[in-house]
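Report on the following structure.
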Amino acid sequence: MVWNDLKAHADELAQRHLADLFVDDPQRFARLHRKAGPLLLDLSKQRLNGDTLSRLFSLADARELKAWITRLFAGEEVNGTEGRAAMHWALRAPTGSGLAPTEVEALVHGELERMARIVEQLHSGQWRGYTGEPITDVVNIGVGGSDLGPLMVCRALEDFAEPAANGLNVHFVSSMDGSQVAHLLRALRPQTTLFIISSKSFTTVDTLYNADTARTWLQRALGDDEAVIRCHFLAVSSAVEKVTEWGIEERNCLRLWDWVGGRYSLWSAIGLPVAIRVGMARFRELLAGAHFMDRHFLEAPWEDNIPVLMALVGVWNTNFLDIHGHAILPYDGRLKYLPSYLEQLEMESNGKSVTRDGEPVSEKTCPILWGDVGPNAQHAFYQLLHQGTEPVTCDFIAPARRYHEDVHSEGAGELVRQHELALANCLAQSRLLALGEAALPSDEQVPFYKRYRGNQPSTTLMMDELAPYSLGALLAAYEHKVFTQAVIWSINPFDQWGVEMGKKIATSTLQAIREGDDGGMDVSTSGLLTFIRNS
Ligand SMILES: O=P(O)(O)OC[C@H]1O[C@](O)(CO)[C@@H](O)[C@@H]1O
C-alpha cells in the first residue's frame, strides 16, 4: 500500500525537473536541510519534496523501523544467518552510559585500556625491538574491515598526528599478491619494525600470507628466537587460539568479539593504528562522535534523524526513481579512502538478494557505489555524470573550514585559498548536476554538445571541520543508514556469504595451480590455467 503510494507519487514527480522544484519553493533549502551536532545534511538537491518524505516515513513505520532499532541496541540476534548480535555501537558507548550491558562495557573498556598501554609504550619508546632499538615503523597487515577503516581514518586525521608519535610511521599492507609487502619491506629495517596482524577470524589467507612473509623477513635478519615474534608482532583478533598457534603470545593479542562485524570494527582494537597515529585521546574523540550519532539515531524523530533520512532518500532513488549508481565524492584529499571504506560498508552489507526469511527480494537493494576525491573525479568520471546516459546520485562531502589558526601557521593563507577553491567546486558541481543549464548565467542558446540536462540528484553532507569527533559522527551516520535500508529491504546487513563462497573456490583453484590438476574446471578456467603453466 505505502509502496504503491510512493510509486504513484514518483510517477508524478518524474515530470518535474529539479530546477522546477527550486522555482516552486524558494524555501527549499530551509525545508530540506537538517543539522545534528557537527553535521549538516542538505537534501534540497534530491528529486523529492516534503510530501515524499512523509510517505517515506510511513514506509519506515510499515517496515517496523523503530522496533528494529530497539532490537539492534538491545543486543538481540539481528544477524540471523550467523546467530549473532551486531553491537558495534557498544564499542563507542562511554562507561556508565547505560547503553551496553555491564559485562560488554567491561570487556570494551578493558580492551581500550590495553590499547592505551600499547600506544603509550610505543610513543614513549619503551616498546623495543629484539635488538633493543625503539620502534620507528608500524605495519598493519589486514584486509577489508581490518584494513580499510584504520587506513581511511589515519589518512583523514593526518593533521591530528600525535606529537609524541614523532618519527613513528604507520603503514598498511592488504593485497594478497605480495606487491605491497615486498615494496614496503625493501624500505624498512627489521630491528625497528612492528607488525600488527589484524584479522577478526585469523583465517583470512590474504592476511596470513602477508604475515608469513613478514615473519620470514624478520627471522632472516634477526634469527628465529621466540623473542623476535614477541618484540615485533601484535595481533588484533577474536580468535585468540589461532593467534597463539601462529606464534603470537596471548598478552600481545588485542581482542574483538563475534558481535562486531568486520566492516563495523574500526571502533574496536582494529583501530589501533589510528590510536598510534593520533593518540588515544583523539581516538576516544572519534568514539565520542560516533556515540553522539548512536544517540541521535536512537532518539531523533524520523524527520530530523540524519541516518534515517539518508537511508530513506537512498531507497527513494533506488526503488522509486530507478537510479542504481551512487558516487561518493569527498572534497578533501584527506578523505581519499572514504569511498573505498563506504563501498565495503554499503555493498558488503546490503548487496543481498534474499530476505531475512530466505525469500528472493521483490525489489532492488543496494546500488553500485564508487567514488574518489571530488576534485580529481571531476577530471575522470564527471563527464558521465554531466552528459552520460545513466542517472546517478551523489554524496558530496566536505568540511566547512580548514587551516584555521592552530592547525597551520606558515603558509596558512595559500592553503585557506585552496580550501575555498575546493568548496567552490563542490558547490558548483552539485548545483550544475541538479539544475543543468538553469545554473548557467545566461540563457543563450548553446550548441548540442555543450548542453547540460541536469536533474542528477545529490546530497551534500557538510562537517564543521574534519576532526575526530565529526568524522566519528559521519561514519556512524553511514553505518545506521545501511542498517535502516536493510530494514526497509528486509535483508540481513551483517553477513557476507557471497564473499565466503569466493574464498572456498579460490582454495581449490590454488590447488589446481600448484598441483597442475584442473579436472572438473570449466573450459575458460582450464584454458587460463594452461596459459599460466606455459608462461
Ligand atoms: O578480519 P578478517 O577476519 O581477516 O576479515 C577481513 C574481511 O574479510 C571479509 O570477511 C570478507 O571480505 C570482511 O567482511 C572482513 O572485513
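From the residues in segment 459-496 that are touching a helix residue (DSSP H, G or I) at 6+ places or on another chain (Cβ under 8 Å) and among the small types (Gly, Ala, Ser), which one is nearest to the ligand (Cβ to nearest atom)?
ALA486
Looking for something touching a residue at least 12 places away in the same chain (Cβ under 8 Å) and under 19 Å from ASP464 (Cα atoms) - is there at least one such residue anywhere in segment 312-323?
Scanning segment 312-323 turns up no residue that is touching a residue at least 12 places away in the same chain (Cβ under 8 Å) and under 19 Å from ASP464 (Cα atoms).
Residues of segment 162-177 being touching a helix residue (DSSP H, G or I) at 6+ places or on another chain (Cβ under 6 Å) and more than 16 Å from the ligand (Cβ to nearest atom), which ones?
Answer for segment 162-177, where residues must be touching a helix residue (DSSP H, G or I) at 6+ places or on another chain (Cβ under 6 Å) and more than 16 Å from the ligand (Cβ to nearest atom): GLU162, ALA164, ALA165, VAL170, HIS171.
Provide a single number: the residues in segment 161-183 that are assigned to a helix (DSSP H, G or I), modelled with pLDDT of 95 or more and surrounded by fewer than 19 Cβ atoms within 10 Å (Cβ to Cβ).
Total meeting the criteria: 4.
For SER199, state whether it is in the same structural domain as GLY149 (by TED's automatic domain parsing), of a type outside the set (Val, Ile, Thr) and open to solvent by 20 Å² or more (accessible area, probe 1.4 Å).
Considered against the rule, which asks whether it is in the same structural domain as GLY149 (by TED's automatic domain parsing), of a type outside the set (Val, Ile, Thr) and open to solvent by 20 Å² or more (accessible area, probe 1.4 Å), SER199 comes out as no.
Would you pick out the residues in segment 517-529 that are surrounded by 10 or more Cβ atoms within 10 Å (Cβ to Cβ) and of a type outside the set (A, V, I, L, M, F, W, C)?
ASP517, ASP518, THR525, SER526, GLY527
If you check every pair at least six apart or on different chains, which have Cβ atoms under 9 Å apart with a residue in segment 259-279 that is on the phi > 0 side of the Ramachandran plot first and a residue that is within 10 Å of the ligand (Cβ to nearest atom) second?
So the pair list comes out empty.
If you go through segment 73-84 one residue at a time, do you hit one that is in contact with a Gly (Cβ under 8 Å, 6 or more places away or on another chain) and in contact (Cβ under 8 Å) with a residue 12 or more places away in the chain?
yes
Going residue by residue through segment 485-508, is there one that turns out to be closer than 30 Å to ARG28 by Cβ, part of a loop (DSSP other than H, G, I, E, B) and in the same structural domain as LEU56 (by TED's automatic domain parsing)?
No: zero hits.
Restricted to segment 260-269, and to residues that are under 13 Å from GLU111 (Cβ atoms) and among the hydrophobic types (A, V, I, L, M, F, W, C), which residue is nearest to the ligand (Cβ to nearest atom)?
Among them, the one singled out is VAL260.
Any chance you could count how many residues in segment 21-42 are within 25 Å of PHE292 (Cβ to Cβ), part of a loop (DSSP other than H, G, I, E, B) and open to solvent by less than 40 Å² (accessible area, probe 1.4 Å)?
Counting residues in segment 21-42 that are within 25 Å of PHE292 (Cβ to Cβ), part of a loop (DSSP other than H, G, I, E, B) and open to solvent by less than 40 Å² (accessible area, probe 1.4 Å) gives 1.
Taking helices (runs of 4 or more DSSP H) that do not extend beyond segment 317-432, which have at least 2 residues that are under 30 Å from THR52 (Cα atoms), assigned by TED's automatic domain parsing to the domain that holds TYR478 and away from the ligand (no atom under 16 Å from the Cβ)?
338-343, 382-387
Inside segment 178-212, can you point out the residues that are away from the ligand (no atom under 16 Å from the Cβ) and among the charged types (D, E, K, R)?
ARG186, ARG189
Given the criterion within 16 Å of VAL138 (Cα to Cα) and among the hydroxyl-bearing types (Ser, Thr, Tyr), identify the matching residue among SER238, SER175, SER198.
SER198
Okay, residues lined up against (1) closer than 24 Å to GLU82 by Cα; (2) of a type in the set (D, E, K, R); (3) touching a residue at least 40 places away in the same chain (Cβ under 8 Å):
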residue	(1), (2), (3)
TRP302	no, no, yes
HIS326	no, no, yes
GLU343	yes, yes, no
LYS352	yes, yes, yes
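Quickly run through segment 149-160 and pick out the residues that are within 16 Å of the ligand (Cβ to nearest atom) and open to solvent by 10 Å² or more (accessible area, probe 1.4 Å).
The one that is within 16 Å of the ligand (Cβ to nearest atom) and open to solvent by 10 Å² or more (accessible area, probe 1.4 Å): LEU151.
Considering only residues that are more than 26 Å from LEU309 (Cβ to Cβ) and in a helix (DSSP H, G or I), look in segment 65-90 and name the one that is most open to solvent (accessible area, probe 1.4 Å).
The qualifying residue most open to solvent (accessible area, probe 1.4 Å) is THR81.
So VAL243 fits all but one of (1) farther than 20 Å from LEU218 by Cα; (2) within 16 Å of the ligand (Cβ to nearest atom); what number is the exception?
Here VAL243 clears every test but (1).
Can you tell me which condition SER146 does not meet? The list is (1) among the hydroxyl-bearing types (Ser, Thr, Tyr); (2) buried (at least 18 other Cβ atoms within 10 Å of the Cβ); (3) more than 16 Å from the ligand (Cβ to nearest atom); (4) closer than 24 Å to LEU287 by Cβ, and all the others hold.
(3) is the only condition that SER146 fails.
Sort through GLU285, GLU303, GLU245 and tell me the only one that's out of contact with any helix residue (DSSP H, G or I) (no Cβ under 8 Å at 6 or more places or on another chain), at pLDDT 95 or above and open to solvent by 10 Å² or more (accessible area, probe 1.4 Å).
Criteria check complete, one pass: GLU245.
The values are calculated or read from the model by the stated rules, or taken from the named source; none is laboratory data. This one's a predicted model, so the numbers in the text were calculated from it and none came from an experiment. So basically every Cβ, Gly included, is an ideal-geometry build from the backbone, and we count neighbours across all protein chains shown. Only protein heavy atoms, including side chains, enter the accessible area calculation; ligands, DNA and RNA are left aside. Shrake-Rupley method; radii C 1.70, N 1.55, O 1.52, S 1.80 Å.
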